[in-house]
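Have a look at the structure below before the remarks.
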Amino acid sequence: KMPQTPPFAAMFDSSGYNRNLYQSKEDNCGGLYYHDNNLLSGSLEALIQHLVPNVDYYPDRTYIFTFLLSSRLFMHPYELMAKVCHLCIEQQRLSEPGLDKNWMQKIAPKILQLLTEWTETFPYDFRDERMMRNLKELAQRIASGDEMYRKNVQQLLQNLIRKLAAVSQYEEVLAKIDATSTDRLTVLKTKPQSIQRDIIAVCNDPYVLAQQLTHIELERLNYIGPEEFIQAFVQKDPLNNDKSCYGDQKKTRNLEAYVEWFNRLSYLVATEICMHVKKKHRARVIEYFIDVARECFNIGNFNSLMAIISGMNMSPVSRLKKTWAKVKTAKFDILEHQMDPSSNFYNYRTALRGATQRSLTAHSNREKIVIPFFSLLIKDIYFLNEGCANRLPNGHVNFEKFWELAKQVSEFMTWKQVECPFERDWKILQYLLTVPVFSDDALYLASYESESPENHIEKDRWKTLRFVSEV
């Protein structure tokens with residue numbers, strides 16, 4: 001039996017990747033280039049060959065993750081799967097009719113383990129019929145050899161089908177949430193007081209709200225597949241500008257749904273503040289959200305924290321000087337300092353490192369929570385991808401770059417697997433996910449009606465907005 005895949009954090013050491021590659025090879029071996037026992041580059045064919053186990057060899061787990069993650073920049077996952085199946089069948093003599101049972105016992109568990117790692121870490125690849133067909137065909141050949149393998153194959157397929165059913169269900173829920181909030185928005189006019197309760201009426205405890213936000217964050221993080229980071233950036237094969245590597249390949253949009261949630265939360269915060277007619281109510285809501293943001297920071301939920309700060313910094317909110325004059329802003333200043341973008345978000349990155357350290361030594365799920373400021377994580381991965389070529393001048397795949405890419409994505413994989421320790425409150429969750437939020441124009445209109453325009457630009461804008469809303 002092959003050892004199980006270790007947790008992602010354990011797969012990469014501090015220098016970027018696991019230096020203990022199972023095989024010790026000389027500098028250039030069969031199309032793979034090593035330096036100090038580290039795989040730096042290789043031809044695509046040699047890298048595929050390196051993925052396939054044989055009787056004496058099983059690829060290092062960091063290699064499996066890194067190659068499966070990055071290979072989609074060069075070929076469709078179903079093309080890779082077809083090649084892997086072909087190599088397994090041809091090389092491992094699986095096509096021979098009177099297969100030696102002893103041989104089968106040596107190779108079958110290794111091929112099964114590789115398929116298990118692929119289906120567990122990149123399950124969305126198998127939303128493609130061609131992938132599923134190849135998987136079943138190879139699994140079938142293994143299963144026909146022995147009753148024990150038959151059970152293992154069944155287990156593998158059941159786990160995969162369960163994961164794919166879960167993501168389909170999640171997508172249906174997201175679609176329903178979108179439909180509900182759209183329906184409610186059509187009811188909402190620029191004068192919302194008649195139908196809209198405010199957030200403090202739904203949840204008067206900022207600590208509880210921070211916990212419910214953390215529920216939403218962790219659920220949405222959990223459904224993002226590692227490959228979605230790669231698919232978000234690269235549309236073309238670098239060697240052939242006409243050939244898109246993706247086409248029909250994008251099987252999920254969980255990453256986009258998560259970015260949309262951040263935007264929604266920012267607008268929700270701004271809406272909750274601007275919709276109040278009375279200054280003291282607006283000030284109270286601002287102070288409430290400052291407390292929510294502080295608790296998000298303490299929990300390690302940096303994404304909600306940043307969304308709340310963004311909402312409070314939107315022009316329709318920040319221009320309400322008389323309202324802000326009534327707010328105790330010292331706590332807000334501290335939060336803004338923590339999330340200050342200068343020096344490439346130095347303060348935030350320090351806080352994130354602290355939360356990551358706490359997570360590594362945690363005794364409870366609460367201490368394990370690390371929810372990164374997601375847009376910045378995407379940006380970091382984007383720049384890492386843009387900053388280095390995928391291929392070297394000799395046509396080799398630049399594997400050194402992909403070790404680094406995989407290291408960043410694997411850290412995210414660790415964070416997304418944390419279970420939320422807080423109790424769910426369905427009423428609050430429902431409100432956060434479906435209550436209508438104002439558009440930019442509605443926010444400005446509400447803001448100008450609360451505190452009059454101060455200059456010609458604001459006055460002209462107000463006139464235009466009033467005219468449009470009356471029409």
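If F262, F399 are ordered by their accessible area, calculated over protein heavy atoms with a 1.4 Å probe, which sequence runs from highest to lowest?
So, going from the largest accessible area down, we get F262, F399.
Within the range 398-444, what whole-number % of the accessible surface is contributed by carbon and sulfur, with the 1.4 Å probe and all protein chains included in the calculation?
C and S atoms contribute 43 percent here.
With a Cα-only, solvent-free Debye model of the range 37-79, what are the log10 I(q)/I(0) values at q = 0.28 Å⁻¹?
Log10 I(q)/I(0), no solvent term: -1.21.
With a 1.4 Å probe and every protein chain kept in, tell me what percent of the accessible surface of the range 32-161 is carbon plus sulfur.
Roughly 47 percent of what the probe reaches on the range 32-161 is carbon or sulfur.
How big is the range 32-161 by the Kirkwood estimate over distinct Cα pairs, in Å?
It works out to 15.2 Å.
Under a cut-off of 13 Å between alpha-carbon atoms, report the aspartates and glutamates in cross-link reach of K328, not counting same-chain residues fewer than 8 places apart.
E287, D291
Can you give the log10 of the normalised intensity I(q)/I(0) at q = 0.25 Å⁻¹, computed with Debye over equal Cα scatterers of the range 348-450?
Reported log10 I(q)/I(0), two decimals: -1.26.
Would you mind checking K279/K463; K136/K407; K176/K427; K83/K379; K321/K459; K368/K407 for any pair whose Cα atoms are more than 24 angstrom apart?
Beyond 24 Å: K136/K407; K83/K379.
Given a Förster radius of 41 Å and the C-beta distance between H456 and L360 as r, what FRET efficiency does 1/(1 + (r/R0)^6) yield to the nearest 0.05?
0.15
What accessible area per residue, rounded to a whole number of Å², is obtained for the range 32-161 using a probe radius of 1.4 Å?
Each residue of the range 32-161 exposes 39 Å² on average to a 1.4 Å probe.
Considering all projection directions equally, how large on average is the shadow of the alpha-carbon convex hull of the range 271-397, in square nanometres?
Over every viewing direction, the Cα hull of the range 271-397 projects on average to 10.9 nm².
Of C85, C388, which has the most accessible area and how do the rest follow, probe 1.4 Å?
Ranked list, largest accessible area first: C388, C85.
The values are calculated or read from the model by the stated rules, or taken from the named source; none is laboratory data. All values reported here derive from a predicted model rather than from experimental measurement. In this analysis, Cβ positions are derived from the backbone assuming ideal geometry, glycine residues included, and neighbour counts consider all displayed protein chains. Ligands, DNA and RNA are stripped out before the accessible areas are found, and what is left, the full protein with its side chains, is counted by its heavy atoms. Shrake-Rupley method; radii C 1.70, N 1.55, O 1.52, S 1.80 Å.
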